[in-house]
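The values are calculated or read from the model by the stated rules, or taken from the named source; none is laboratory data. Since this is a predicted model, take the numbers as computed values, not measurements. With ideal geometry, Cβ positions are generated from the backbone for all residues, glycine too; neighbour counts draw on all protein chains shown.
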There are 2 protein chains.
Amino acid sequence: MSNQPFADTPQPPYVAVIFTSTRTDGDHGYAAMGASMEALAKDQPGFLGIESARDSLGITVSYWADQQAARGWKQVAAHLVAQRRGREAWYQDYRVRVATVERDYSMRSSTIESHP
Amino acid sequence: MSNQPFADTPQPPYVAVIFTSTRTDGDHGYAAMGASMEALAKDQPGFLGIESARDSLGITVSYWADQQAARGWKQVAAHLVAQRRGREAWYQDYRVRVATVERDYSMRSSTIESHP
C-alpha cells in the first residue's frame, strides 16, 4: 500500500480499472501476491495510482494514463495470476470494469475548483 | 446493503461514480446516513447498482444509466449531506470521480463473453 490512501491522479480524462471481488476462505498466497501485484503495477507504463478497500467485498481501483496503459496492465496482471494459479484459488467471483474518468472533485475543492 | 455484493449492471456503456473517502473517528450519525443514502439511491432515476467496501479507506462505486442520472444523484446526495451537516463531521477527506464504463468482464465470462 502507498503512504497516502488516495491516488494522486491528474486532471481528467484518464482511465479507471474497477476490480470488485469476493474472496475464497484462506490466504493461498494471496497476501504476498497482492503486494507484488501492486509493486508491479507501479512499474507499468502509464500507471497513475491505486486505491483499495476490503470487507466482505473487495474493491481495487487502479488509474491509468490511457486505454492502452490499462490494456497493458490487464495482460500483465492476467499473466501473473495465471502463473500463480490464483483465479480459482483466490476469488469466488469478480467483476472488472474499465472506464474513462471525465470529471473529478475532492472534499477541499468541490465548491471552488472541481474539474468540470 | 443489497443481498448480492456485485452490482447487476447491463452491457456498457453506463456511468460509474467512484467515491473514495477517509473517515473521521466516531459515528456522528454516519451509519444511519449510509443506510438511508443507499435506500435513496435505489429510488433515483437511472440507478443501476452499488458496490461498497471499507477498511482504512472506504470505496463506494454507484452505477448509473447515463451522465444525467449521475448528475441528478450528485445533487440529491449533496443536498442530503448538507442537511445533516455530514461533510466535515464524517469525512477527513474524499474524492469523487465520474467515469463512463466502456467494457466489463467477470470471472465466469472473462474468457468467453467479455463485453468488448
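Numerical summary
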| read-out | value |
| --- | --- |
| Output for the stretch A:19-33, where each listed residue is within 13 Å of chain B (Cβ to nearest Cβ) and within 14 Å of A:Ala77 (Cβ to Cβ) | A:Phe19, A:Ser21 |
| Sole residue being over 30 Å from A:Ala70 (Cα atoms) and in contact (Cβ under 8 Å) with a residue 40 or more places away in the chain, chosen from B:Ala82, B:Ala69, B:Ala89 | B:Ala89 |
| Some residue of the stretch B:31-47 being within 18 Å of A:Val101 (Cα to Cα) and either of a type in the set (A, V, I, L, M, F, W, C) or part of a loop (DSSP other than H, G, I, E, B) (or both) | no |
| Members of the stretch B:37-51 that are within 11 Å of chain A (Cβ to nearest Cβ) and aliphatic (A, V, I, L, M) | B:Ile50 |
| Residues satisfying the stated conditions in the stretch A:5-18, i.e. surrounded by fewer than 19 Cβ atoms within 10 Å (Cβ to Cβ), under 15 Å from the mean Cα position of the chain (by Cα) and more than 8 Å from every other protein chain (Cβ to nearest Cβ) | A:Asp8 |
| Residue count, the stretch A:52-78 (criterion: assigned to a helix (DSSP H, G or I), more than 11 Å from chain B (Cβ to nearest Cβ) and modelled with pLDDT of 95 or more) | 2 |
| Leading residue by the ranking (modelled with the lowest pLDDT) among those in the stretch A:1-42 that are among the acidic types (Asp, Glu) and within 24 Å of B:Arg95 (Cα to Cα) | A:Glu38 |
| Any chance A:Asp104 is assigned to a strand (DSSP E or B) and touching a Pro at 6+ places or on another chain (Cβ under 8 Å) | yes |
| Identity of the residue in the stretch A:79-101, in a helix (DSSP H, G or I) and of a type in the set (D, E, K, R), that ends up surrounded by the most Cβ atoms within 10 Å (Cβ to Cβ) | A:Arg84 |
